[in-house]
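The values are calculated or read from the model by the stated rules, or taken from the named source; none is laboratory data. Predicted, not measured: the structure shown is a model, and the values here were computed from it. When we count neighbours, we look across all protein chains shown, and the Cβ atoms used for this are built from the backbone with ideal geometry, even at glycine.
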Amino acid sequence: MARHTPIHTAVRCATQDSFSRAMKSFALRFSGSPWVVAALFAVTLTLAPRGAIAAEKPDVLFIAVDDLNDWTSYLGGHPQARTPNIDKLVARGVAFTNSHCAAPACNPSRAALMSGLRPWQTGIYTNGDPAQGVLKDVLTINRHFMASGYNTLGGGKIYHGGGSEGRDDTWNEWAGLFPTVKEQEENLNGLKNGHFDWGAISAKPADMGDYKLTDWAINHLKTAPVGKPLFLAVGYVKPHLPWYVPAEYFERFPLDSIKLPIVKEDDLADVPEAGIKMAKPESDHAKVLKGDQWRQGVQAYLATISFLDDQVGRLLEGLDASPRKENTIIVWWTDHGWHLGEKQHWRKFALWEEATRTSMAIVAPGVANAGARCEAPVDYINIYPTLCELTGLAKPEHVKGASLVPLLKDPSAKWDGVAICTHGRGNHAVRDAQWRYIRYNDGSEELYDHAKDPNEWTNLAGEVGVSEVKTRLGATLPAMKDEVTATQGADSEAARGKAAKKKQKQKKKQAEE
């Protein structure tokens, strides 16, 4: 039986007057948006009649990681990945082994997780779609915790860029990115491809920004007032490109021993044109092959992950040495996956398993079963409601995702949900326990049976006998008419209008010739 802790037993003792003052302050700070007004109304209805706010709430250590795929020891994405500290962290709670991002790019993935809204609801589909115009009027996770009395601190990379929230009253303290060394484009790999670069640098771990971020977080774990619940967001930048880390990390993975990802040479042969366009085999992969840098790239990614793992270990030690050890929820998440040559593709920006699968775990003392693994298909729209339930905060009206608390209590519990990932308007992937279904905005499809084809080498979308699977999974996706246009970028109204005008000019010119 789970022991009772403040994480799942709210202790209510605040006065009605203090609640009213908190809500009035929140209304002044976040007024002006129907979404925010609705969220405020939901909070008021849920908490006000009880006349109290939890006097003793659990702390939250919210750890975000940039560009880490399933190359961890516990997920087994690469046989040479060594992540003992990440493994220790996830072993404290429930590891979700079939978890996926809401979008395979930093900006939309983070915006979706922090807002509880999917890309097709916000128009934040890609890195090129600004988030601030939408997020400034949405009750995001950090604003909700701050308005609910939490000491809300953030550092590193939580959103995609410092201005993504569209306002500056969203944290009690925002530390931002920490300076690091050798982050300018050095062309160490000789590919002359911007920050798509890697190599060992002559620096100490303490010179790196993520090391400094860890120091900052440890200090707050030790010194933040214990009389106020803490929401501490720690956003690690590595293993984002460029893969520059001290030489000692490269030495852990000798180049002559590096194993390349297992790939199929003609893997794109049964992929529709829309998928090939995302893969861009003529771009990064062609350059890597021409420059003979595939093995070096894998080595550099493993080395950078190893550097990250060391920082996670330091952070866990800091938590364990702090007065907050016993009553801290940990949410561990990576913003999306990463390809290293699979389907002749590098980076994220695609809808296959390598790009959408993430490393995600939740540690909730007294609720989650330590060391458990959950294979249910989940995505990042589930995190916001889960945090609300674990901490006793009201779930805002706009947050429609299902809480993962039932799976934390019983990882094998019945789960009807699927994981949905979106990359651009009309392009979606759906993942359940067995299948991945991809539907592009031109109607073309892919379907993979993970029970027989975990590498997604055989597209079954055109085969006989799979229509029921496609129909069932496709029913979870929005109709194109229900997807809002992008805030900016290739699918925005402005961009499409500009393209239409250009096309009209071209037709007029052709008619005149």
Flagged in segment 122-145 as farther than 23 Å from VAL65 by Cβ and touching a strand residue (DSSP E or B) at 6+ places or on another chain (Cβ under 8 Å), in numbering order, are GLY123
Among strands (runs of 3 or more DSSP E) entirely inside segment 172-288, those with 1 or more residues being in contact with a Pro (Cβ under 7 Å, 6 or more places away or on another chain) are 198-201, 243-246
Scanning segment 457-477 for residues that are of a type in the set (A, V, I, L, M, F, W, C) and farther than 17 Å from TRP352 by Cα gives VAL464, VAL466, VAL469, ALA475
Filter segment 198-222 for residues that are farther than 18 Å from TYR244 by Cβ and out of contact with any strand residue (DSSP E or B) (no Cβ under 9 Å at 6 or more places or on another chain); the one that is surrounded by the most Cβ atoms within 10 Å (Cβ to Cβ) is ILE218
Of the residues in segment 178-190, those that are surrounded by fewer than 16 Cβ atoms within 10 Å (Cβ to Cβ) and at pLDDT 95 or above come to GLY190
Inside segment 355-379, the number of residues satisfying the requirement of being modelled with pLDDT of 95 or more and surrounded by 24 or more Cβ atoms within 10 Å (Cβ to Cβ) is 12
Looking across segment 121-145 at residues that are surrounded by fewer than 21 Cβ atoms within 10 Å (Cβ to Cβ) and in a helix (DSSP H, G or I), the single one that is farthest from the chain's Cα centre (by Cα) is GLY133
Original post:
Hey, any hits in segment 234-246 for a residue that's over 23 Å from ASP335 (Cα atoms) and surrounded by fewer than 20 Cβ atoms within 10 Å (Cβ to Cβ)?
Top reply: no
message = Taking the conditions exactly as written (surrounded by 24 or more Cβ atoms within 10 Å (Cβ to Cβ) and under 24 Å from GLN311 (Cα atoms)), does ALA105 satisfy them or not?
response = yes
How many residues of segment 429-460 are of a type in the set (A, V, I, L, M, F, W, C) and in contact (Cβ under 8 Å) with a residue 24 or more places away in the chain? The answer is 6
Checked segment 86-99 for anything buried (at least 21 other Cβ atoms within 10 Å of the Cβ) and closer than 22 Å to THR304 by Cβ; matches are ILE86, LEU89, VAL90, ALA95, SER99
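Yes/no per residue for (1) closer than 18 Å to TRP352 by Cβ; (2) surrounded by fewer than 13 Cβ atoms within 10 Å (Cβ to Cβ); (3) outside the structural domain of TYR211 (by TED's automatic domain parsing):
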| residue | (1), (2), (3) |
| --- | --- |
| SER257 | no, yes, no |
| ILE262 | yes, yes, no |
| VAL271 | yes, no, no |
| PRO281 | yes, no, no |
| GLY291 | no, no, no |
| TYR301 | yes, no, no |
Contact list, first residue from segment 388-417 and of a type in the set (Phe, Trp, Tyr), second anywhere and not in a helix (DSSP H, G or I), beta-carbon distance below 7 Å, six or more apart or interchain, is TRP415/ALA376
ARG425 passes all but one of the listed conditions (1) surrounded by fewer than 20 Cβ atoms within 10 Å (Cβ to Cβ); (2) charged (D, E, K, R); (3) more than 16 Å from LYS470 (Cβ to Cβ); the exception is number (1)
Within segment 369-397, the residues that are among the acidic types (Asp, Glu), outside any strand (DSSP E or B) and closer than 20 Å to ALA233 by Cα are GLU389
Over segment 410-467, the set of residues part of a loop (DSSP other than H, G, I, E, B), charged (D, E, K, R) and under 19 Å from the mean Cα position of the chain (by Cα) is ARG425, ASP432
All conditions in (1) modelled with pLDDT of 95 or more; (2) polar (S, T, N, Q); (3) assigned to a loop (DSSP other than H, G, I, E, B) are true of SER164 except (1)
